[in-house]
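> Next up is a structure, given as structure tokens.
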Amino acid sequence: MMTSCSPGWVNYMEKHFPTCIDHLSSAKSPMSMFGAIAKTYYAEKAGLTPQEIVTVSIMPCTAKKFEAARPEMGRDGYRDVDIVLTTRELIKLIKYVGLSIGKLPENDFDSPLGLSTGAGAIFGATGGVMEAALRTVYEKVTGKTLEKLEFMDVRGFDGIKEATVSLPGRDVHIAVAHTLKNARTIMEQVKKGISPYDFIEIMACPGGCIGGGGQPIGTTNAIRKKRMAALYEIDRNLPIRKSHENPDIQTLYHDFLGEPLGEKAHELLHTHYHKVDKPYTFN
Ligand code: SF4
């Protein structure tokens, strides 16, 4: 299985390795999952129709604009995510309206769905999605508490990182790659049927989203390293560091979605991908 939360990677995969599409995870990206939940679960709680809600995502990514406009990301005539602003655009907007961010009072995110975990924070760095998934997979499969949350083998800037995780009755071979050059190396193996991996994370941008195409121009490796260190520090300092322990997510499943992978979860949180041989038509 391969991760599918990076639209730069998904687009590349659909165009260049269409015969391998069945290996892509059907899970939508966090952005599109959040949009779908905002327009259903949150709409219900707030007494609004989906049409009365405009979802705006702030992203490090130009390809997220494309993802939000995909016809698969929405239902009943509305989109999961209406507007995507890159971080670069957000900075321009802040400067344009003359906001002094440093002078604004600290505030919590709105509830519900305002609570995030360390596992969510590290998604922004190459290896972070894999590490977040492993924290949950390990505990769900073994039924034991994971004592050491850091999977150091999947951290850092190496183009392709490999590791083996021992689960009961099975060693799981994993790989993490960033940039499309490294993705190609991994995909040539998958295409030939000689890949040794069970689970592969791929991010299109160098370093992952911390080096995304929507980030301020002039990002260097030194800046990427600082951003990566900042994400791991956020993770270390958060009280909840595993996705499945997020009480907002537990309530969401309990009150609205039902079982993970159940019918409603499948309809709202999952999607499909397909071969692309002609330009998309957007809604
Ligand atoms: S790695 Fe790049 S293309 Fe992929 S989601 Fe992050 S910023 Fe977007």
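The values are calculated or read from the model by the stated rules, or taken from the named source; none is laboratory data. Keep in mind that this is a model prediction, so the values were computed, not measured. Here Cβ is always computed from backbone atoms with ideal geometry, including for glycine, and neighbour counts include all displayed protein chains.
> Mind checking which residues of segment 176-185 are of a type in the set (A, V, I, L, M) and either away from the ligand (no atom under 16 Å from the Cβ) or in a helix (DSSP H, G or I) (or both)?
Across segment 176-185, the qualifying residues are Leu180, Ala183.
> Quick check: anything in segment 11-30 in a helix (DSSP H, G or I), closer than 27 Å to Lys92 by Cα, at pLDDT 95 or above and within 16 Å of the ligand (Cβ to nearest atom)?
The answer is yes; a qualifying residue exists.
> Taking segment 186-206 as the region of interest, how many residues are loosely packed, with under 14 Cβ neighbours inside 10 Å and either within 16 Å of the ligand (Cβ to nearest atom) or among the β-branched types (Val, Ile, Thr) (or both)?
1
> For a quick check of your reading of the model, give me the residue pairs whose first member lies in segment 151-166 and is touching a residue at least 60 places away in the same chain (Cβ under 8 Å) and hydrophobic (A, V, I, L, M, F, W, C), whose second is crowded, with 17+ Cβ neighbours inside 10 Å and in a loop (DSSP other than H, G, I, E, B), with beta-carbon atoms closer than 7 Å and at least 6 apart or on different chains.
Close Cβ pairs satisfying both conditions: Phe157/Gly207.
> When segment 69-116 is examined, which residues are found to be within 12 Å of the ligand (Cβ to nearest atom) and assigned to a helix (DSSP H, G or I)?
Across segment 69-116, the qualifying residues are Thr87, Arg88.
> Which one is surrounded by the fewest Cβ atoms within 10 Å (Cβ to Cβ) among residues in segment 31-64 that are outside any helix (DSSP H, G or I), polar (S, T, N, Q) and within 16 Å of the ligand (Cβ to nearest atom)?
Thr62
> Hey, any hits in segment 134-143 for a residue that's within 16 Å of the ligand (Cβ to nearest atom) and either exposed (fewer than 11 other Cβ atoms within 10 Å of the Cβ) or assigned to a strand (DSSP E or B) (or both)?
Filtering segment 134-143 for residues within 16 Å of the ligand (Cβ to nearest atom) gives none.
Within segment 134-143 (the criterion being within 16 Å of the ligand (Cβ to nearest atom) and either exposed (fewer than 11 other Cβ atoms within 10 Å of the Cβ) or assigned to a strand (DSSP E or B) (or both)), the answer is no, since none of the residues qualifies.
> Can you tell me which residue in segment 227-279 is nearest to Thr145 (Cα to Cα), limited to those that are outside any loop (DSSP other than H, G, I, E, B) and among the polar types (S, T, N, Q)?
Taking the candidates together, the pick is Ser243.
> For residues in segment 147-168 being within 20 Å of the chain's Cα centre (by Cα) and of a type outside the set (D, E, K, R), which is surrounded by the most Cβ atoms within 10 Å (Cβ to Cβ)?
Per the stated criteria, the residue is Val154.
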